[in-house]
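Asks: Quick one: the structure is below, and I'll ask about it shortly.
Throughout, read-outs are computed from the coordinates displayed, never taken from laboratory work. Note that this is a predicted model, so its numbers are computed, not measured. Cβ atoms come from the backbone with ideal geometry, glycine included; neighbour counts cover every protein chain shown.
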Amino acid sequence: MTVQITPQPGIMQIALYEGGASHVEGVTEVVKLSSNENPLGPSPRAVAAYEAAGTSLARYPSSDHAALREAIAATFGLDAGRIICGVGSDEIISFLTQAYAGPGDEVIHTEHGFAMYRISALAAGATPVEVPEAGRVTDVDAILAACTDRTRLVFVANPNNPTGTMIGADAFARLADGLPPRALLVLDGAYAEYVPGYDGGAALVEARENVVMTRTFSKIYGLGALRVGWGYGPRAVIDVLNRVRGPFNLSTSAQDAAAAAVRDTAYTDLCRAENAGWRDWLAAALDKVGVPSDPSHANFILARFRDRDEAEACDAFLKARGLIVRKVAGYKLPAALRITVGDETACRRVAEAVAAFRAGQEA
């Protein structure tokens with residue numbers, strides 16, 4: 001018998017995901033600024049909750065995430081019954097494509113959008129449709145023009161990764177109202193907490209039946225290692241997603257730490273303020289030496305260079321000095337580097353290194 005084992009259509013079109021680098025060969029002391037991690041780390045309350053959970057390792061975790069959902073709901077003024085929790089917002093994105101898209105269906109994402117949108121669409125057997133942005137900003141008209149009767153999901157990150165740009169609530173309302181009847185709009189708010197007063201799209205979810213919001217604990221809450229995310233949407237959609245969710249997808253320690261983190265709003269406010277100050281300082285410092293960036297609403301800046309060669313040369317220059325940033329050619333931005341906003345020391349080191357690099361280029 002000839003064995004003919006093949007994966008589902010679309011799987012082999014997926015390039016293996018590459019996370020941000022964390023080490024440089026031959027360099028012992030490095031500063032990792034490639035994964036948009038919070039340099040202040042998690043709330044001390046989250047750390048304490050994580051440690052306390054160690055006394056119950058023999059027990060299965062809560063399968064309904066009730067305490068975590070209640071903590072999220074209380075913090076943001078949401079309905080806990082319309083919240084779903086997952087292994088990072090990535091899993092919520094995967095649930096959505098698994099549940100609502102398949103062979104013959106289309107999933108729209110923007111040209112510089114998060115890589116997991118395309119990956120999840122292909123994994124579900126659907127066809128990813130890339131829509132151009134307007135100067136690295138989401139273009140609602142371009143998205144609406146790309147919609148067809150096969151469109152099932154539209155993914156938009158706001159603020160976007162890796163550009164840091166965002167659009168307003170009125171634009172999203174127009175987008176939601178203009179979608180085909182069978183399409184869901186998914187607002188990815190992984191960086192929403194960095195924007196003062198921004199609800200990540202929660203009000204739009206409340207007002208529409210075709211909008212879902214996703215969020216994560218990996219960024220401002222500093223819990224990347226625990227992989228916790230959540231989504232908020234219409235009850236009917238959340239019911240569907242819970243039917244494909246594994247019953248014990250989140251550990252007790254992850255749930256407890258996340259609940260403590262989201263309740264510690266004073267610490268979140270501190271992280272937001274620290275990030276905003278050093279983000280603006282770093283962007284201004286790089287702009288002074290001829291490396292511009294769009295106004296960022298997240299915890300990183302997209303530093304733009306003259307061309308791909310200069311961006312790659314600067315990346316190598318920074319690595320040699322123990323500074324790891326992220327090349328984003330895979331996001332169709334070959335002449336740019338995404339730089340996470342670190343603490344004061346990290347930001348000053350990056351600014352000094354880029355200035356030295358540019359001085360060498362001009363010499």
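Asks: Based on Cβ point charges of +1 for Lys and Arg and -1 for Asp and Glu, what charge dipole magnitude is obtained for the chain about its Cα centre, in debye rounded to the nearest 20?
Replies: So the magnitude is around 420 debye.
Asks: Assign one of three labels to segment 96-154, namely rounded, prolate or oblate, based on the Cα gyration tensor with a ≥ b ≥ c the square roots of its eigenvalues; rounded applies when a/c is under 1.5, prolate when it is not and a/b is larger than b/c, and oblate otherwise.
Replies: oblate
Asks: In the chain, which whole DSSP H runs stretch at least 30 Å along their own axis (Cα) and average -1.0 or higher on the Kyte-Doolittle scale?
Replies: In the chain, the long hydrophobic H runs are 265-288.
Asks: A follow-up question, please. Helix-only mean residue ellipticity at 222 nm, the chain, DSSP H runs n ≥ 4 weighted -39,500 (n - 2.57), per residue, nearest 500. What is it?
Replies: Per the formula, -12000 deg cm²/dmol.
Asks: In percent, how large is the relative contact order of the chain, given Cα pairs closer than 8 Å and 6 or more residues apart?
Replies: 24 percent
Asks: Let me ask you something else. Would you tally the net charge around E111, using a Cβ to Cβ cut-off of less than 12 Å, leaving E111 out, and scoring K and R as +1, D and E as -1?
Replies: Surrounding charge for E111 is 0.
Asks: Can I ask one more? Once Lys and Arg get +1 and Asp and Glu get -1 on their Cβ, which of A115, A202, A355 lies farthest toward the positive end of the dipole of the chain?
Replies: Result: A115.
Asks: Follow-up. Using a Förster radius of 41 Å, what is the FRET efficiency between S63 and E312 based on their Cβ-Cβ separation? Nearest 0.05, please.
Replies: 0.30
Asks: With the chain treated as a Gaussian network of Cα nodes joined by springs under 10 Å, which of R263, R338, R59 yields the largest mean-square fluctuation?
Replies: Largest GNM mean-square fluctuation: R59.
Asks: Most exposed first by the Cβ proxy, i.e. fewest other Cβ within 10 Å, how do E352, E91 rank?
Replies: Placing the least packed residue first, the sequence is E352, E91.
Asks: If you add up the charges near S120, with Lys and Arg at +1 and Asp and Glu at -1, over every other residue whose beta carbon is less than 15 angstrom from its beta carbon, what do you get?
Replies: Result for the neighbourhood of S120: -3.
Asks: K319: which lysines have alpha carbons under 16 Å from its alpha carbon, excluding same-chain residues fewer than 8 sequence positions away?
Replies: Qualifying lysines at Cα under 16 Å: K32, K327.
Asks: What residues have an amide H closer than 5 Å to that of T151, excluding those fewer than 5 places away on the same chain, when H is modeled at 1.01 Å from N in the peptide plane?
Replies: Under 5 Å from the amide H of T151: E106.
Asks: Additional query: Return H297, H109 ranked ascending by Cβ neighbour count within 10 Å, so the fewest neighbours appear first.
Replies: H297, H109
Asks: Here's a follow-up. Could you put C85, C314 in order, starting from the residue whose Cβ has the fewest other Cβ atoms within 10 Å?
Replies: By the 10 Å Cβ count, ascending, the order reads C314, C85.
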